[in-house]
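Asks: Submitted below is the structure of interest, expressed as structure tokens.
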């Protein structure tokens, strides 16, 4: 497990590592001292590079551990698990209320393609924490589950999560890593750190410049099956510049499985209940907050390339790099605000 996380860390951050040691630096940049902290969290890694006095690794570990006790469905006593288990005593935290607020907002601008109540469908399609052994769901089972899937199936009142159907369950996987990235960034902001890059499982947020006085560069992998078995240097062909923004990438090329000769991807359209064999292979979204970039990147995978392009045309506050299949080749679409090297 640790070796796999280390490998993913190396792959996701090639662009970042390259920029830390590349290019000329000014006298001002030479005087800056940068620190790097890495660790494991949320079933993946985190990495924080920042310019200031050194913080103890325990500060980041503690922040992310507290985050998991709120949002991890793998922790029985977490706030989200207690809600899913119909614990009526749960008082929502400020973080959880913000998570709900942002989830409802992203759902509203994506025509409900983004939906945190998709958890029962995720489990039915064998991508959840307790769904590894049961068979592929039938259409009848999917239709039955869809009766209690939808952002209109719950509301918040007096700081409590109220379900309209006790079978409603929620999941934060499509938004949580982005949110935790934001929280680490806020932690650094409150300490007055002016230059940093935060990365939680390849969801990133930057501020200022790197140790060479340059804008942070992020390498984007080609969306190819089997990429985990390729040399790291062969996995990148696009490098984005990330200036005081957040970035998240979602793709169908890593999380999937085959059963009886059929490929099933982890992207599920909550409006149909079906997994999505999308022509869109990878969506990288840039936004002010990583929580929004993460959620929108996930929504793009369910929307497909045409609807995703339409989305960004109607929402110029976000930028995106979309990689999709066209015939036997890969094609890219990028918005005007995308800056590449």
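Derivation of every value follows stated rules applied to the coordinates shown; laboratory data play no part. Because the structure is a prediction, the values reported are computed rather than measured. Please note: Cβ atoms are built from the backbone with ideal geometry, for glycine as well, and neighbour counts cover all protein chains shown.
Asks: Per residue, how much space in cubic angstrom lies within the convex hull of the C-alpha atoms of the range 167-227?
Replies: Here the figure is 112 Å³ per residue.
Asks: Also, I was wondering about something else. According to a simple spin-label model (label point 7 Å from Cα along Cα-to-Cβ), what is the distance in nm between residue 166 and residue 108?
Replies: 3.2
Asks: Moving to a separate point now. Give me the one-decimal Kirkwood hydrodynamic radius in Å for the range 60-215, with the sum taken over alpha-carbon pairs.
Replies: Roughly 17.3 Å, rounded to one decimal.
Asks: Then there is this: Could I have the simple spin-label model distance between residue 332 and residue 75, label points 7 Å from Cα toward Cβ, reported in nm to one decimal?
Replies: Each label point is offset 7 Å from its Cα along the Cβ direction, giving 3.8 nm.
Asks: Can you pull the three principal axis extents for the Cα set of the range 53-141, in Å, largest first?
Replies: Each principal axis gives a Cα extent; for the range 53-141 these are 57, 34, 31 Å.
Asks: If you don't mind, there's one more thing I want to ask. Quick check: Cα centre of the range 165-197 to Cα centre of the range 92-111, how many Å?
Replies: Cα centres, the range 165-197 to the range 92-111: 12 Å.
Asks: If R0 is 45 Å, what FRET efficiency do you get for residue 59 and residue 138 from their C-beta distance, rounded to 0.05?
Replies: 0.40
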